[in-house]
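In what follows, a structure is listed as structure tokens, so that the remarks can point back to it.
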Amino acid sequence: MRRTRLPAHRGWVDVTRSLVPRSGRTVLIEAALFAAGVTAYFLVRGATETSLATAQRHADQLVAVQDAVAPRLESILQSAVLPHDWLVALANWVYMYGHWPLIAVVAAGLAWRRPEVYRWLRTAMLVSGAIGVAVFVTYPVAPPRLVPWLGIADTISDHSESYRVLQPTAFVNQYAALPSLHVGWDLLVGLALLRAGVPWALKILAVTAPLAMALTVVATGNHYVIDVLAGTVVALIGAAVAGRWVRTQSHQGLENRDSRPVRLISGREAPEGSQEVNVPRQAVPAGCEELEAVSERKAG
């Protein structure tokens, strides 16, 4: 087995660059940033919890607005699900495993195979998450399951203990119903998959995941219908900002690439004492497979 010898003077950064391919380093860096962002989101969200009375008062205000258009949609949907144990189990499963596990798998795959789409998803989630946290702080809303007079059951706590393991109470704001980032971020994941040009099976997942989550968050008693609409709007704002950012970065990258001189090599080093002539990239003829360096001897 061949061993790679590394000079003693090289630091850990140089060692990492030697042993880990560039694409792998990018994935590791992005994974660390993603994990830091998620941790910060939960810490801030958990630290902004307010009083139950205030959150319930805001919930009553939202319900009054919603009922003026379509009354008691949450009760209607949950009453259709509760008589069927398999529907309750399915709704609970989608709510628990169709959000963070789905986001983690898709984000990791995009970071590895389509980094430009991953950066779009990351930026969209950061922007929409910041908006969501701002709303949680300024207008906390209790979910239907925590407003007893609405008569909405908490199917997650009544039928499963797994969710509290996945999201410990210390890191969860119980009064963060508005907007629903469960729906909003699943929508962003779906849009990211479509942007990546995935196979048709994953395109079906991209379309059905946010729709299933929209029904699930209401059926499980965790969100109002108006929360779903708000989460969709917040996600689309994040998507728009991310799209503009990606276009700006791409435009700047093209400008830098076109203005930067390109080093043309022929597979051998230029003779010692020669002067390399740098040719701008836009001057390189299209279709050339190999370009030879042009060198000139310095006078004297």
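The values are calculated or read from the model by the stated rules, or taken from the named source; none is laboratory data. Keep in mind that this is a model prediction, so the values were computed, not measured. Virtual Cβ from ideal backbone geometry, glycine too; neighbours counted across all protein chains shown. When the accessible area is computed, the model is the full protein with side chains, heavy atoms only, and any ligands, DNA or RNA have been set aside. Shrake-Rupley method; radii C 1.70, N 1.55, O 1.52, S 1.80 Å.
Over region 114-154, with the other protein chains present, what is the accessible area per residue in square angstrom, probe 1.4 angstrom?
Values: 1530 Å² over 41 residues.
Accessible surface, normalised per residue, equals 37 Å².
Take the eigenvalues of the Cα gyration tensor for region 74-208, scale each by 5, and report the square roots as semi-axes in whole Å, largest first.
29, 19, 13
Residue by residue, what Karplus-based ³J(HN,Hα) values in Hz, rounded to whole numbers, does region 131-146 have, using 6.51, -1.76 and 1.60 with θ = phi - 60° and x for Gly and Pro?
Karplus-based 3J(HN,Hα) across region 131-146 equals 5, x, 4, 4, 5, 4, 6, 8, 9, x, 10, 6, x, x, 5, 9 Hz.
When the solvent-accessible surface of protein heavy atoms is calculated with a 1.4 angstrom probe, in what order do V127, V105 fall, highest first? Kindly include the intermediate steps, with their values, before the conclusion.
Details: V127 40, V105 105 Å².
Highest to lowest solvent-accessible surface, that is V105, V127.
Once phi is turned into θ = phi - 60°, what whole-Hz ³J(HN,Hα) does the Karplus curve with 6.51, -1.76 and 1.60 give for every residue of region 91-104, x standing for Gly and Pro?
4, 4, 5, 5, 5, 7, 10, x, 10, 4, x, 5, 4, 5
Of the heavy-atom accessible surface of region 82-153 (probe 1.4 angstrom), what whole percent is carbon and sulfur? Walk me through the intermediate numbers first.
Values: 2380 of 3310 Å².
Solvent-exposed carbon and sulfur of region 82-153 make up 72 percent of the total.
Which FRET efficiency value, to the nearest 0.05, do you get for T248 and L215 by plugging their Cβ-Cβ distance into 1/(1 + (r/R0)^6) with R0 = 51 Å?
The calculated FRET efficiency here is 0.90.
Using the Karplus curve 6.51 cos²θ - 1.76 cosθ + 1.60 with θ = phi - 60°, what ³J(HN,Hα) values do you get for each residue of region 181-196, in whole Hz, with x for Gly and Pro?
Per-residue couplings from phi come out as 7, 4, 6, x, 6, 5, 5, 5, 4, x, 5, 5, 5, 5, 5, 7 Hz.
By average Cβ neighbour count within 10 Å, what is the ranking of 234-242, 128-136, 214-222, 197-205 from highest down? Kindly include the intermediate steps, with their values, before the conclusion.
Working: 234-242: 21.0, 128-136: 19.4, 214-222: 24.9, 197-205: 12.6.
Listed from highest to lowest mean packing, they are 214-222, 234-242, 128-136, 197-205.
Counting Lys and Arg as +1 and Asp and Glu as -1, each charge on the Cβ, what is the dipole of region 118-239 about the Cα centre in debye, to the nearest 20?
On the way: 6 positive and 5 negative charges, 92 e Å.
Here region 118-239 has a charge dipole of around 440 debye.
Between D154 and V207, how many nm apart are label points set 7 Å from Cα along the C-beta direction?
3.7
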